[in-house]
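Working notes for the structure below.
The values are calculated or read from the model by the stated rules, or taken from the named source; none is laboratory data. None of the values given here were measured: they were computed from a predicted structure. Cβ atoms come from the backbone with ideal geometry, glycine included; neighbour counts cover every protein chain shown.
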Amino acid sequence: MNGLQTIIVLGAGASYCYGMPTQNDIIGRLFALYDVTNAEGFPTFCETYGMKHSFPLGQFLRKYFNLPENPTKENAKLDFWPAIQRKGYTLESLYALLESVFQDESRYLLEDFEAIIRTAINEPTGERTFESTCEYHRMLIENLEPGDSIINFNWDTLAADALLYHSYLWFSGTGFGVPSVYPLIRNVTQKRHSVESVVQLFHLHGSVALLELVNPDKNARVPRYVYLGPKSYNTIGSFADFLEHKKNTKGAPSPEAEPSQEEECRFKYGWYWIKGHWYRPVFLPPSKYKAGYSSPYVRLMKMHIHNRLLSAQQIIIAGYSLPEADIDYLSDIFVPQIIDHVTKLKVVNPSNNEEGYRMRIKQCFPGISDIDYSEADFKDFCRNLKSR
């Protein structure tokens, strides 16, 4: 970007310009959009990303926070979400609470919560068409140059969709920093080809568009990851393929040809049956314990990010607030010893003038002295890229 090898770090503030929520308002804004007509809030399939609601989780939260249901109130089945937000909970702090109180027999409720998060994150992007691409992500992507990369702390598809539709430098099969990605793409056929991407998108926390093979066999020639492109494949289609597989395997009309309760739960949680194999979402929840960061996926992300940091001439942090849950492990991502002290650092955030935020920036990048806090608005930053 602008002749400098650049790493762009995207946080929730960068997605907020499209109407995506931030950590502070996701609970009230998105979870409250859904109404449930079934008396017990039966989990429903919703496009490609799992269920909208869990009755057992709702009952637990109502009891824990003393929020009894008012049947005469509009959208009564889900009115506890904004009520919890009004109590001061963010997505991060609510997840930390649930993580601490759910024991072995109730851990499935945490999976319910994660599936609802993915559903909520996907809702604003809708059909993910060319016309609905985020204009600000498009401006950013169109200014990328060979060797540039994006480290994305968001789960949404805004950056990936902008790269898919508007970048000649990025291909989904090779552009996510992990090998053996099978791209499910229908509407941008040239991006199906296995061409080496010269820019990279690293979804450190995973993405609602990425799936990982369950129980991979090292000797089997099966794609380890699947990229779900726009209008490519959905849960219902995957479920139909699985039923056909069961029927052909067990024979109809045999009871064994019906999906088991465990298999139904897999689809409920956003798993896919693709070409005879199970794939599950690549999704690292907002856990304070960061247990998922020992996974092979994250180890690959860190390795590629470290390689990029070695030659980075400019780092741009856009809309990333450096939440407390991330601080402890960021030193393993942005390792000071491998970042050149002459690397430029630009921070685009509304909190730029806050002393506490600047202190967190310095804590994460202690070796960089050239830090630019002059821009606070992500939209203005993207608009002005052409004039730099």
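Summary of computed values
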read-out: Qualifying residue in the stretch 227-245 (condition: buried (at least 20 other Cβ atoms within 10 Å of the Cβ), touching a Ser or Thr at 6+ places or on another chain (Cβ under 6 Å) and aromatic (Phe, Trp, Tyr)); value: yes
read-out: So residue 328, is it among the acidic types (Asp, Glu) and either surrounded by 13 or more Cβ atoms within 10 Å (Cβ to Cβ) or in contact with a Ser or Thr (Cβ under 6 Å, 6 or more places away or on another chain) (or both); value: no
read-out: Scope the stretch 255-272; condition in a helix (DSSP H, G or I), over 23 Å from residue 120 (Cβ atoms) and in contact with a helix residue (DSSP H, G or I) (Cβ under 8 Å, 6 or more places away or on another chain); matching residues; value: 256, 257, 263
read-out: Residues of the stretch 12-44 satisfying the condition of being modelled with pLDDT under 60 and in a loop (DSSP other than H, G, I, E, B); value: 30, 34, 35, 36, 37, 38, 39, 40, 41, 42, 43, 44
read-out: Residue within the stretch 120-133 that is surrounded by 19 or more Cβ atoms within 10 Å (Cβ to Cβ), in contact with a strand residue (DSSP E or B) (Cβ under 7 Å, 6 or more places away or on another chain) and assigned to a helix (DSSP H, G or I) present; value: yes
read-out: Matching helices (runs of 4 or more DSSP H) fully within the stretch 273-388 where at least 1 residues are basic (Lys, Arg) and at pLDDT 90 or above; value: 296-311, 355-364, 378-383
read-out: Any hit, the stretch 333-352, residues being over 30 Å from residue 94 (Cα atoms) and either touching a residue at least 60 places away in the same chain (Cβ under 8 Å) or within 18 Å of the chain's Cα centre (by Cα) (or both); value: yes
read-out: Residue ID - surrounded by the fewest Cβ atoms within 10 Å (Cβ to Cβ), chosen from residues in the stretch 83-93 that are assigned to a helix (DSSP H, G or I) and of a type outside the set (Lys, Arg); value: 83
read-out: Residue within the stretch 61-82 that is farther than 29 Å from residue 202 by Cα, surrounded by 17 or more Cβ atoms within 10 Å (Cβ to Cβ) and either modelled with pLDDT of 90 or more or in contact with a strand residue (DSSP E or B) (Cβ under 9 Å, 6 or more places away or on another chain) (or both) present; value: yes
read-out: Selection count where residues are buried (at least 19 other Cβ atoms within 10 Å of the Cβ) and either more than 12 Å from residue 287 (Cα to Cα) or free of Cβ contacts under 8 Å to residues at least 40 places away in the same chain (or both), scope the stretch 94-108; value: 1
read-out: Residue within the stretch 190-203 that is farther than 25 Å from residue 308 by Cβ, touching a strand residue (DSSP E or B) at 6+ places or on another chain (Cβ under 8 Å), in contact (Cβ under 8 Å) with a residue 24 or more places away in the chain and surrounded by fewer than 18 Cβ atoms within 10 Å (Cβ to Cβ) present; value: no
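Yes or no, residue by residue, for (1) hydrophobic (A, V, I, L, M, F, W, C); (2) modelled with pLDDT of 95 or more; (3) at negative phi:
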position: 111; (1), (2), (3): no, no, yes
position: 121; (1), (2), (3): yes, no, yes
position: 124; (1), (2), (3): no, no, yes
position: 134; (1), (2), (3): yes, yes, yes
position: 143; (1), (2), (3): no, yes, yes
position: 148; (1), (2), (3): no, yes, yes
position: 160; (1), (2), (3): yes, yes, yes
position: 168; (1), (2), (3): no, no, yes
position: 182; (1), (2), (3): no, no, yes
